[in-house]
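Written out below as structure tokens is the structure these notes cover.
The values are calculated or read from the model by the stated rules, or taken from the named source; none is laboratory data. In this text, all values refer to a predicted model and were calculated from it rather than measured experimentally. Glycine also receives a Cβ, built like all others from the backbone with ideal geometry; neighbour counts cover every protein chain displayed.
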Amino acid sequence: MADDKFLGTGAKFPLQVDPATGRIMTVSGNRTVKEAIYLILMTQVTERLVRPDFGSDIMSYAFMDTTTTMMSILRRDITQTLLSQEPRISDISVETVYRSDMGAVIISINYLVASTNQRDNLVFPFYLDRGGNDTDQEEAEPLERRYYEDSQMMEDDEDWT
């Protein structure tokens, strides 16, 4: 139980209201760590006025070349950002796979939750080009949520290897 206290309880991301109680929904345990990582990646540095150093520079890679060098720089940048901003995790490994059919880089972040010594991962689709017609964009949003909700999907899908 002390581990849950260390990991904390926080608001569910994205913010949601519990229809039964009318209160903001919360998460606790390892789920707070996963949502904190997602929040760090989705927040651009200088976006928060009170904490201008919070967040990542991942959006600066939006129209990057998908060369081996750029993918290596992206992995290093994500690793350093998470190590400096999320003290509850360690032993971070970041893998990137470019999916030209999706126009995205699939970022797989594996980490160790420090207080519980439990390994966990987050699969984060980073779209390089959201161009195209509206139906393509509507299909991409549920796909992003699917990867965020079930980060084990990449290991189960044979097409990823």
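Residues considered: 93, 60, 56. Of these, the only one that is surrounded by fewer than 17 Cβ atoms within 10 Å (Cβ to Cβ) and either within 15 Å of the chain's Cα centre (by Cα) or within 25 Å of residue 115 (Cα to Cα) (or both) is 93. Residue 26 fulfils the conditions (1) within 21 Å of residue 129 (Cβ to Cβ); (2) loosely packed, with under 15 Cβ neighbours inside 10 Å; (3) of a type in the set (Ser, Thr, Tyr) except for a single criterion, (1).
Only residues that are out of contact with any Ser or Thr (no Cβ under 9 Å at 6 or more places or on another chain) and among the hydroxyl-bearing types (Ser, Thr, Tyr): list them for segment 66-82, please. Answer for segment 66-82, where residues must be out of contact with any Ser or Thr (no Cβ under 9 Å at 6 or more places or on another chain) and among the hydroxyl-bearing types (Ser, Thr, Tyr): 67, 68, 69.
Hey, any hits in segment 54-70 for a residue that's touching a residue at least 24 places away in the same chain (Cβ under 8 Å), of a type in the set (S, T, N, Q) and not in a helix (DSSP H, G or I)? Within segment 54-70, one or more residues are touching a residue at least 24 places away in the same chain (Cβ under 8 Å), of a type in the set (S, T, N, Q) and not in a helix (DSSP H, G or I). Evaluation of residue 32 against the conditions (1) at pLDDT below 90; (2) of a type in the set (Ser, Thr, Tyr); (3) closer than 15 Å to residue 105 by Cβ shows that the sole unmet condition is (3).
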